[in-house]
1. Restricting to the stretch 36-93, count the residues that are assigned to a helix (DSSP H, G or I), polar (S, T, N, Q) and touching a Phe, Trp or Tyr at 6+ places or on another chain (Cβ under 6 Å).
2. Do we find that Phe33 is open to solvent by 60 Å² or more (accessible area, probe 1.4 Å) and not in a helix (DSSP H, G or I) in this structure?
3. Surrounded by fewer than 11 Cβ atoms within 10 Å (Cβ to Cβ), among the hydrophobic types (A, V, I, L, M, F, W, C) and within 19 Å of the chain's Cα centre (by Cα): does that describe Phe75?
4. So Leu16 clears everything in (1) within 30 Å of Tyr115 (Cβ to Cβ); (2) open to solvent by 90 Å² or more (accessible area, probe 1.4 Å); (3) not basic (Lys, Arg) except one condition, right? Which one?
5. List pairs: first in the stretch 29-54 and at negative phi, second loosely packed, with under 10 Cβ neighbours inside 10 Å and in a helix (DSSP H, G or I), Cβ under 9 Å, 6+ apart or cross-chain?
6. Kindly list the number of the only condition in (1) open to solvent by 50 Å² or more (accessible area, probe 1.4 Å); (2) part of a helix (DSSP H, G or I) that fails for Leu96.
7. Give the residue that is farthest from Leu50 (Cα to Cα), with candidates limited to residues of the stretch 64-111 that are out of contact with any helix residue (DSSP H, G or I) (no Cβ under 6 Å at 6 or more places or on another chain) and of a type in the set (Phe, Trp, Tyr).
Amino acid sequence: MRTQFEERRIEPNSTLGAAIRYMQKRWPELTLFLRVPGAPLDNNVTERVLKKAILHRKNALFYRTLNGAHVGDTFMSLIHTAELNHVAPFEYLVALQRHADAVAANPADWMPWNYQATLALQNPNPEPPD
């Protein structure tokens, strides 16, 4: 890149020149993944998370009250946390509703990463589904 500027093969004020200056200015940050073992080559996980937040923001335009928006935000947070912990969101929310008193008494036991163990302790001999 430096050689191309020095040999005047690229105009510094062109779009390509601006891109090269950008890269030169940020070279340590842009190549950090080469020096950090196990660093991912992309940020697809982050982009997927942001897509959910953006979709929720778009849908939140239609809440009629602040309380409705708060409830929607709470459900979005619960659903996304369940998904990140590989728990089916619908089943998780149903379990929270069915055990609302126990959830209110001890919320930590009902987090997505704990709730299945808590259910097993509460009902050690579940009946088979019909």
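The values are calculated or read from the model by the stated rules, or taken from the named source; none is laboratory data. Given the structure is predicted, the values throughout are model-derived calculations rather than measurements. Here Cβ is always computed from backbone atoms with ideal geometry, including for glycine, and neighbour counts include all displayed protein chains. The accessibility values were calculated without ligands, DNA or RNA, using every heavy atom of the protein model including side chains. Shrake-Rupley method; radii C 1.70, N 1.55, O 1.52, S 1.80 Å.
1. Let us first name the residues in the stretch 36-93 that are assigned to a helix (DSSP H, G or I), namely 44-60, 66-84, 89-93.
Then drop every residue that is not polar (S, T, N, Q), which leaves 44, 46, 59, 67, 74, 77, 81.
In the following step, the residues that additionally are touching a Phe, Trp or Tyr at 6+ places or on another chain (Cβ under 6 Å) were identified as none.
Residues that pass the stated criteria total 0.
2. Values: open to solvent by 60 Å² or more (accessible area, probe 1.4 Å): yes; not in a helix (DSSP H, G or I): no.
Taking the combined requirement at face value, the residue does not satisfy it.
3. On the way: surrounded by fewer than 11 Cβ atoms within 10 Å (Cβ to Cβ): no; among the hydrophobic types (A, V, I, L, M, F, W, C): yes; within 19 Å of the chain's Cα centre (by Cα): yes.
No; evaluated as a whole, the condition is false for this residue.
4. (1)
5. Arg35/Pro28
6. In the conditions (1) open to solvent by 50 Å² or more (accessible area, probe 1.4 Å); (2) part of a helix (DSSP H, G or I), Leu96 misses (1) alone.
7. Phe90
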